[in-house]
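The values are calculated or read from the model by the stated rules, or taken from the named source; none is laboratory data. Everything numeric here is computed off the predicted structure, so don't read it as measured data. Positions of Cβ are generated from backbone atoms using ideal geometry, with glycine treated the same way; all protein chains shown enter the neighbour counts.
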Amino acid sequence: MLKNKIYKYFTLEIAKSFFTILFAFTAIAWTVRAVNFLDLIVENGHSIKTYISFSLLNITNILSKFIPLSFLLALMLSIIKFRRQNELIILWSIGLNKIKVINLFFIISLFVLILQFCFAVIITPAALNKSRTLIKTSDFNSMNSIIKINDFSDSFDNVTFYVEKRNSLNEMENIFIRDEANTFKNIIASNEESENTTIIAKKGYIENKKLVLIDGLIQTQNNKGEINNINFKQTELVSSLLTPRIITVPKLQETSTWSLINCITRDNSLSNEKIINCPSVGIKKGATETVSRRIGMPMYIPLTTLICCFLIVSRKETTINFFGKYIFFFIGFLILVLAEILVRYSGFSDLNTLIYFLFPIIFTPLIYLLLINRLKFEKAS
């Protein structure tokens, strides 16, 4: 009964430290990214609601990246705390088995492994894909934020805006619009299809998501090269006709793991998501690296956990110098760095991918056996 309470205490302390550190890392990284996401409003004219939703959906990606490091740091700090308060000395003196404590830490790491796996393989790709869909389908909040003064704005597909200046009434003056996709064909009283349209206006203003143009000229050119000029006193361009210039096909990190595996195996037809140039060598390398990162990185968590457990099997239960306290953390950190290096090269060859996956599979049981032998040697001495 007492041992169960001790194990519960260890688990709660480690969990508390883990989620605190993870929250701190995530909050800092998300704040930096959220500032960069402001371009969605400033340049593309999306609403505050869209900005907040997009930013929140990207939190899962940050969480997924910081889970291994956060758990390594939380476990190390927890063990050092237990030693500093002489809790471990008391527990060893009442007969608590060190192997069982190591097994407890290892089991906790397996739960963290599952958490990381779920985020990396399922939750994060779905959330990132949802964020792109949100941007693609959301309405523009204001054209004012898109149309820049004295600068060519190409935030829309095949449509370019230029405004020379604004007057004291906040009206735009000397407006130039180049439409290469026949987007505003509804304002042209002609049955002919034009290849491109140029609109020039002396003045204009934005009202209810419409660009009102005053005193201007519409110049169209059909597929025969014939040019037609139409003068107008006033006309309106509806913003809903514009298509934002965004990537419509998801990036690799936004694509589901199953679709990426199908791409790697050159069977893209099995997936509902189509990856551009999937059979190409470059895309296959990127897909292999992405899948390897999602599946393989969680496997390094138990390995770094066992590295930290060397603090438990130390024969000297007295104070440990600074180097002795944190050397195992640095070793665990270097293993995570090594994993990052290996995964970046995993797409170049099957051998690199094999090394990346075999490293934790081989060294995790070896480190565990080394810990057991260390404990046996401690008892014998």
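Across the range 33-67, the number of residues qualifying as at pLDDT below 70 and of a type in the set (A, V, I, L, M) comes to 3. In the range 344-359, what residues are under 18 Å from residue 298 (Cβ atoms) and either outside the structural domain of residue 334 (by TED's automatic domain parsing) or in a helix (DSSP H, G or I) (or both)? Correct list: 344, 353, 354, 355, 356, 357, 358, 359. In summary, residue 98 fulfils each of the numbered conditions (1) over 27 Å from residue 372 (Cβ atoms); (2) surrounded by 15 or more Cβ atoms within 10 Å (Cβ to Cβ) with the single exception of condition (1).
Of the numbered criteria (1) at pLDDT 95 or above; (2) in contact with a helix residue (DSSP H, G or I) (Cβ under 8 Å, 6 or more places away or on another chain), the one residue 24 fails is (2). Taking each residue of the range 370-381 that is at negative phi and looking for partners that are at pLDDT below 65 with beta-carbon atoms closer than 6 Å, six or more apart or interchain, yields 378/315.
For residues that are of a type in the set (Val, Ile, Thr) and either more than 35 Å from the chain's Cα centre (by Cα) or over 15 Å from residue 14 (Cα atoms) (or both), scanning just the range 102-133, find the one that is surrounded by the most Cβ atoms within 10 Å (Cβ to Cβ). Checking each candidate, the answer is 124. Filtered by the rule that a residue be touching a residue at least 12 places away in the same chain (Cβ under 8 Å) and within 30 Å of residue 125 (Cα to Cα), the range 77-113 gives 105, 106, 108, 109, 110, 112, 113.
Does residue 34 fit the bill of being without any contact (Cβ under 8 Å) to a residue 40 or more places away in the chain and either in a loop (DSSP other than H, G, I, E, B) or surrounded by 15 or more Cβ atoms within 10 Å (Cβ to Cβ) (or both)? Can you show your working first?
Working: without any contact (Cβ under 8 Å) to a residue 40 or more places away in the chain: yes; either in a loop (DSSP other than H, G, I, E, B) or surrounded by 15 or more Cβ atoms within 10 Å (Cβ to Cβ) (or both): yes.
The answer is yes for residue 34.
Considering only residues in the range 160-198 that are modelled with pLDDT of 80 or more and part of a loop (DSSP other than H, G, I, E, B), the one that is surrounded by the most Cβ atoms within 10 Å (Cβ to Cβ) turns out to be 171.
Candidates 260, 217: the one that is modelled with pLDDT of 80 or more and assigned to a helix (DSSP H, G or I) is 260.
In this structure, is residue 90 part of a helix (DSSP H, G or I), farther than 27 Å from residue 293 by Cα and in the same structural domain as residue 375 (by TED's automatic domain parsing)?
Details: part of a helix (DSSP H, G or I): yes; farther than 27 Å from residue 293 by Cα: yes; in the same structural domain as residue 375 (by TED's automatic domain parsing): yes.
Against the criterion (part of a helix (DSSP H, G or I), farther than 27 Å from residue 293 by Cα and in the same structural domain as residue 375 (by TED's automatic domain parsing)), residue 90 qualifies.
Does the range 50-66 include one or more residues that are touching a residue at least 60 places away in the same chain (Cβ under 8 Å) and of a type in the set (Phe, Trp, Tyr)? Among the residues of the range 50-66, at least one is touching a residue at least 60 places away in the same chain (Cβ under 8 Å) and of a type in the set (Phe, Trp, Tyr), which makes the answer yes.
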